[in-house]
1. Viscosity 1.306 mPa s, temperature 10 °C: Stokes-Einstein D of the chain from its Kirkwood Cα radius, in µm² per second?
2. What are the ³J(HN,Hα) values, in whole Hz, obtained from phi via the Karplus relation 6.51 cos²θ - 1.76 cosθ + 1.60 with θ = phi - 60°, for each residue of region 104-116 in sequence order, with x given for Gly and Pro?
3. For a test of the definition: using alpha carbon positions, the gyration tensor, and the 1.5 limit on a/c, classify region 193-257 as rounded, prolate or oblate.
4. With Cβ to Cβ distances under 15 Å as the rule, what net charge do the other residues near Arg80 carry (K, R +1; D, E -1)?
5. What percent of all Cα-Cα pairs in region 166-304 falls into each 10 Å bin, going from 0 up to the bin containing the maximum distance?
6. At q = 0.10 Å⁻¹, what log₁₀ I(q)/I(0) does region 25-137 have when each alpha carbon counts as one equal point scatterer in the Debye sum?
7. Using the eigenvalues of the Cα gyration tensor, what equivalent ellipsoid semi-axes result for region 100-242 when each is taken as the square root of five times the eigenvalue, whole Å, largest first?
8. For the chain, can you list the cysteines whose C-beta has no other cysteine C-beta under 4.7 Å from it?
Amino acid sequence: MKKWLTWVLALSLSLSASLLTAKEPTLKYGPWIQAVTETGFTVLLKTSVDVMAWVEVAPDDGTAFEAEPRQAYCQTVAGRRYCGRMHSIRVSGLEPGTTYRYRIYRQKLEDASNDNAVQYSAAKVVWANNTKTFRMRTFDASARTCKFTMVCDMHQKVDVYKSLLDGVKPDDFDFLLLNGDIVNATRNIDTSIKYTFEPVRHLSANMPVVFARGNHEGRGVDWYKTPEVFPTTTGEFYFTFRQGPCAFVVLDGGEDKPDADVEYAGHARYDAYRSRQLEWLKEAVKDPSFASAPYKICLIHIPALNDKDSWYTQKWLNAHFVPVLNEAGVCLMLSGHHHRYLYREKGDCGNGFPIVVNSNVDRLDVFAEEGKGLDLRFFNTKGEQIRTLHF
């Protein structure tokens with residue numbers, strides 16, 4: 001009897017300890033960086049339990065982070081600080097082209113039973129995800145160069161994804177471009193985060209990540225949560241930004257087949273979505289920051305082709321988006337979707353610019369310098385350069 005009681009007591013203590021441990025906050029995913037401008041960026045992370053999180057920022061000037069009080073930024077909703085698990089914290093008031101250090105802190109929610117006296121842990125804890133301190137550089141429209149690296153159509157193939165970006169360091173590029181279909185479907189938003197950012201955590205925590213939505217990110221029961229993971233400066237999947245001599249317009253082609261296709265089960269309303277986007281595009285390309293750029297580049301997952309075997313959306317994009325892009329002086333379109341390399345010369349399908357489609361097993365690096373044009377270099381999973389283009 002005593003042995004049985006001892007065993008029950010030991011089991012109870014073990015279970016209690018496990019429950020307490022399970023409730024301790026962990027950094028489930030992240031951080032990752034989105035919506036970068038010349039004066040700010042957004043830090044995102046997912047936590048295991050409800051916490052109140054904030055970001056503290058310091059110049060990258062060699063001083064100890066703890067040398068003085070640092071500027072703190074927190075997430076608020078209608079004037080009240082947010083407490084939860086999916087965090088999106090906007091950092092603002094920064095200088096263009098400047099590198100900053102940032103840290104993420106949290107306080108665990110202990111007791112919310114009394115609405116007028118919500119209890120949090122007293123300790124201010126810094127998240128440690130291999131390192132306590134991360135670094136980020138803001139965009140700079142006045143810079144003479146722009147350099148970025150692009151992958152697309154990973155479709156949850158983590159080994160390929162990692163191989164393509166193996167050896168790439170945050171300081172090598174101004175941003176990482178994910179040109180769509182990084183996942184097969186957004187059936188679970190945590191799965192999407194896991195396959196999009198976790199394989200390249202060393203990059204996504206320390207450099208801007210620009211996301212051009214693919215058609216597969218619009219599939220799955222959690223598709224409507226995708227904007228929470230990829231916030232933009234417009235609140236839409238289409239937006240513009242500027243880095244050095246390059247102005248970018250990111251567009252969203254939606255799905256690749258007609259809205260009435262049986263595969264969409266009556267959910268698709270992409271024609272109307274693209275039409276609204278078209279009206280936005282007509283005005284966005286007139287913005288001085290975009291219009292004055294020496295190089296104007298369109299980023300879109302589905303290329304605006306008009307080949308004999310092109311599907312519905314490609315023809316729609318070619319008929320509606322391309323004339324506006326032509327008039328705006330776009331000099332290059334970068335896409336994915338086809339899982340193979342394709343190249344269309346200027347004028348091949350009414351396009352006033354070359355269209356480059358990257359494959360799903362290659363990385364594309366782009367280097368631009370004012371007055372010297374654009375250099376495109378393609379690398380396979382072994383890190384071997386396999387192709388170059390110059391415009």
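Every read-out reported here was derived from the displayed coordinates using simple, explicitly stated rules and does not represent laboratory data. As the structure is a prediction and not an experimental result, all values here were calculated from the model. Positions of Cβ are backbone-derived with ideal geometry, glycine not excepted, and every protein chain shown enters the neighbour counts.
1. Approximately 70 µm²/s, per Stokes-Einstein.
2. Ordered by residue, 3J(HN,Hα) equals 10, 10, 8, 10, 6, 6, 9, 7, 10, 5, 9, 4, 9 Hz.
3. Cα axes put region 193-257 in the oblate bin.
4. Taking every Cβ under 15 Å from that of Arg80, the sum is -1.
5. Once binned at 10 Å, the Cα pair distances of region 166-304 give 11, 38, 35, 15, 1.
6. Log-scaled intensity ratios, in q order: -0.30.
7. After scaling each eigenvalue by five and taking roots: 29, 22, 16 Å.
8. Unpaired cysteines in the chain: Cys74, Cys83, Cys152, Cys298, Cys331, Cys349.
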